[in-house]
Each structure stands twice: as C-alpha cells, then as structure tokens.
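The values are calculated or read from the model by the stated rules, or taken from the named source; none is laboratory data. On a predicted model such as this, the values are computed, not experimentally measured, just so you know. FYI the Cβ positions are ideal-geometry reconstructions off the backbone, even for glycines, and counts take in every protein chain you see.
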Amino acid sequence: MNRYKCTISYDGTQFSGYQIQPNKRTVQSEFERVLQGMHKGEHVKIVASGRTDATVHATGQVVHFDSYLLIPVDKWKRALNSMLPDDIRVRTVELAKPDFHARFDVKAKEYRYRLLISNDPCVFKRHYTHYYPYPLNLSAMREAAKYLLGTHDFTSFCASNTEVQDKVRTIYDIAIDRHNDELVISFVGNGFLYNMVRILVGTLLEVGNGQKEPVSIKSILSGKDRTLAGKTAPGYGLYLSQVFYEEWKKEESKKM
C-alpha cells in the first residue's frame, strides 16, 4: 500500500460541507465515490486536514489516502480529475511517507475571507464573496486585529454548540488587504475552532463600521462569552487557502 497526499480545491456552493453526511452531497463522499470505483467497489477512506462547512470553499485543502493500485504518481492527478465532478479539482498528488497524516501533522492553516465592498452587488460573485456595501475603517480593523495575534482562549470567537474543551489557539498573522472592490481578510494560525474565522470576520466588520472600538477585542477575549463578539459571517465568503506541514513563515503565504 502506498500513501498519497493530495492538494485539492473545491467550490463549496453545492456541497453540504466536507465531511460525509447521510443523504447529502459532500466533498468527502464525492471523492471516496471516485476512489471506490477505481478500486473495484472497495471503500477507500480519505482523511483531510480538517472539515469545512456548507458553502465554504477551498483552494488548498489537503487529504491523504492509501492505495494498492500500481498507478505512477504523476498519473494520479489526471485519473482523479477525469472522474471527479467539476466543482472538485485535484491540484497536486505526491507519494507521502507511510506515517504522514493530513490532519495530525498540520502545523498551521491559512484561511481567507472575501468581501465585496461595492455600492452594487455582483450576480457573478454572490456565491464567492460576502456583499458588504457599508463604509469600513480599515485602519481601525487592522488595529483591532493586533489584539487577536498570539496565543489566547478564543471561547468568545467559537460557536457556542462546539464540543471542543480546549479553546486556546495561536494566531500568527492577520492581513487585511483591499483589491479594487474586494476586501480580503487572511488569518494564519495553528488551528481554528468551529466558526472561529467567520466570527472573527464578523467582529472585525463591527469594528470597521464603528459599532465596536478596536480595543474592545481585549475585553471580548477575556470575557470568554460568545455573545460579546460579532455576528458569524456567511460561509460562502470563506476559503481554506493553505495547509502547512512545516513551521509557518510569513513569506510562505501566497496570494490567492
């Protein structure tokens, strides 16, 4: 058996998330359906770096799977893409070490959130950006972001129904960049809680529109109370951009 590491991208619009769910279309179920066909009906499980929710996209999700098929590593990409649906693409396939684990070996992840900041919505971007037509103070948002950097208990920025007990995470970098009529907010951290990035975005937007002061981030963190933070931003603006398996360095983050 060989272990293969794949970097994949997908358009989350028509998926009920990454993870298999009964009677629902998911990224995992589509990928495993293809592998099952290639392995003559035998189930082959894929393991991802982490789950993504319904409508959330990925440009750099990483998965691994084991196979006994004697397919040269440089042929796997074409073989998989020829059978996968058009909203999932395999970007790279590598032969991994036998003990490589797509989830447990992760050192850092980068998520990006795209907002359309325009007077008019765009019909072609409605599934890929969060339309936000209100004025934003980007300087205030960047100041607020500084308080989020480092290691904190992010209970206030986590969905209240999560079962995870340890809510301490480290955020290495936050970038807020405008590209014409889009605002991209990027987060790099050693891990993210359920809905954490979307709640961080919703809170930074409330700082940007004047509902919260930048310094309020300190009391939100210390309060450990979900009701103190902002609303959860919609899933369709969120992208899992990159997964890092070595210690993260800022120059390694690529533009989406």
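May I ask you to list the residues in region 56-88 that are under 20 Å from G237 (Cβ atoms) and more than 11 Å from the chain's Cα centre (by Cα)?
Residues satisfying the conditions are D87, I88.
Does at least one position in region 109-123 carry a residue that is over 18 Å from L200 (Cα atoms), modelled with pLDDT of 95 or more and either of a type in the set (K, R) or assigned to a helix (DSSP H, G or I) (or both)?
Yes.
Take the residues in region 182-209 that are of a type outside the set (A, V, I, L, M) and touching a helix residue (DSSP H, G or I) at 6+ places or on another chain (Cβ under 6 Å), then tell me which one is surrounded by the most Cβ atoms within 10 Å (Cβ to Cβ).
In this case the residue turns out to be G208.
So which pairs qualify, if the first residue must be in region 210-230 and within 10 Å of F157 (Cβ to Cβ), the second must be at pLDDT below 95, the Cβ gap must be under 6 Å, and the two must be at least 6 apart or on different chains?
Pairs found: R226/S160.
Could you grab me the full set of residues in region 148-165 that are over 19 Å from K231 (Cβ atoms) and either modelled with pLDDT of 95 or more or in contact with a helix residue (DSSP H, G or I) (Cβ under 9 Å, 6 or more places away or on another chain) (or both)?
Those that are over 19 Å from K231 (Cβ atoms) and either modelled with pLDDT of 95 or more or in contact with a helix residue (DSSP H, G or I) (Cβ under 9 Å, 6 or more places away or on another chain) (or both): L149, G150, T151, H152, D153.
Identify all residues within region 18-53 that are among the basic types (K, R) and part of a loop (DSSP other than H, G, I, E, B); write none if there are none.
Within region 18-53, K24, R25, K40, K45, R51 qualify.
List, please: which pairs have Cβ atoms under 6 Å, are six or more places apart or on different chains, and start with a residue in region 172-198 that is touching a residue at least 24 places away in the same chain (Cβ under 8 Å) and in the same structural domain as A159 (by TED's automatic domain parsing) and end with one that is in a loop (DSSP other than H, G, I, E, B) and hydroxyl-bearing (S, T, Y)?
D181/S118; Y194/T162; N195/T232; R198/T232
So which of V47, V63, V27 ends up being outside the structural domain of V197 (by TED's automatic domain parsing), surrounded by fewer than 20 Cβ atoms within 10 Å (Cβ to Cβ), at pLDDT 95 or above and within 18 Å of F15 (Cβ to Cβ)?
V47
Hey, any hits in region 152-160 for a residue that's among the hydroxyl-bearing types (S, T, Y) and surrounded by 16 or more Cβ atoms within 10 Å (Cβ to Cβ)?
Taking every residue of region 152-160 in turn, at least one turns out to be among the hydroxyl-bearing types (S, T, Y) and surrounded by 16 or more Cβ atoms within 10 Å (Cβ to Cβ).
Would you be able to tell me the number of residues in region 6-47 that are under 16 Å from G235 (Cα atoms) and of a type in the set (D, E, K, R)?
The number of residues fulfilling the criteria is 1.
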